1. Can you put Val163, Val34, Val54 in order of Cβ neighbours within 10 angstrom, beginning with the fewest?
2. Within 10 Å of each residue's Cβ, count the other Cβ atoms and sort Glu91, Glu178 from fewest upward.
3. Using +1 on the beta carbon of Lys and Arg, -1 on that of Asp and Glu, and nothing else charged, what's the dipole of the chain about the Cα centre, debye to 20?
4. With the chain treated as a Gaussian network of Cα nodes joined by springs under 10 Å, which of Asp93, Asp13, Asp29 yields the largest mean-square fluctuation?
5. Once the other residues with Cβ under 13 Å from the Cβ of Ala210 are scored (Lys, Arg +1; Asp, Glu -1), what is the net sum?
6. Starting from 0.36 nm per residue, how many nanometres of slack lie between Val181 and Ala204 once their C-alpha separation is accounted for?
7. How big is the equivalent ellipsoid of the stretch 6-87 along its three axes, where each semi-axis is √(5λ) from the Cα gyration tensor, reported in whole Å from largest to smallest?
8. For Arg201, what is the net charge nearby, where nearby means another residue's Cβ is under 15 Å from its Cβ and Lys, Arg count +1, Asp, Glu -1?
Amino acid sequence: MSDEPIRVLLADDHRLMREGTAALFNADDRLEVVGLASDGREALELAERRAPDVVLLDLNMPGLGGLEACAALRERESAPEVLMLTVSEEEPDLYAALRVGASGYLLKDMAPSELIEAVLAVARGEPRIAPQMASRMLAELSRGSDVASRDPLEALSEREREVLALMSDGLRNREIAERLVISEATVKTHVRHVLEKLRLRNRAEAAAFAARHLA
């Protein structure tokens, strides 16, 4: 790694979070913040112009979210490293981030000094995962065949089962939200978790799965 500071782009829909993190990074001469974005689409546009070495993405943002933005960034010829910085401790979110090419998955309650070191590590090509998330991932992997032999529905929460059942009836996110009296954004999150936990690619596969496994 050269003596030049690591160029960092930050994307978070909360202004206080992105500006506070920018101030933290700019106080360290090893880092240089080259852009601030309020959503994934703006992050893609800024990354095209500013050529960051590392992009920090919030997982859940309006419009284009962190997972979609990460996938798009990693497909580019000169792809930056991507760190997901989120409040979500959901394992499906971690696995989804790794699948789309994220080099790390960090939680927003981490110490500022640890965040700086994580950015520097990722810039060196060293993946970083929040310790509590890494522990869960290893525990899940260590269960091996025992996990594979379970009823797959055990992985779903009661609410996720309700969403799966409504998806199998052909309801869209807005209709599910109305039926369960929750927000459409919450439904979108539940749908993503259902697909991730059951290792399904789309709603059609979810409907076929529900037909086999739901009474």
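Every number in this text was worked out from the coordinates using simple rules, so none of it is lab data. Note that the coordinates shown come from a computational prediction; the quantities given were computed from them, not determined experimentally. So basically every Cβ, Gly included, is an ideal-geometry build from the backbone, and we count neighbours across all protein chains shown.
1. Val34, Val54, Val163
2. Details: Glu91 17, Glu178 12.
Ascending number of Cβ neighbours within 10 Å: Glu178, Glu91.
3. On the way: 28 positive and 39 negative charges, 144 e Å.
For the chain, the charge dipole is close to 700 debye.
4. Asp29
5. Working: positive: Arg161, Arg203, Arg212; negative: Glu160, Glu162, Asp169, Glu205.
That sum, taken over residues with Cβ under 13 Å, equals -1.
6. On the way: separation 23, 0.36 × 23 = 8.28 nm, distance 2.38 nm.
Difference between extended and current length: 5.9 nm.
7. 18, 15, 10
8. +3
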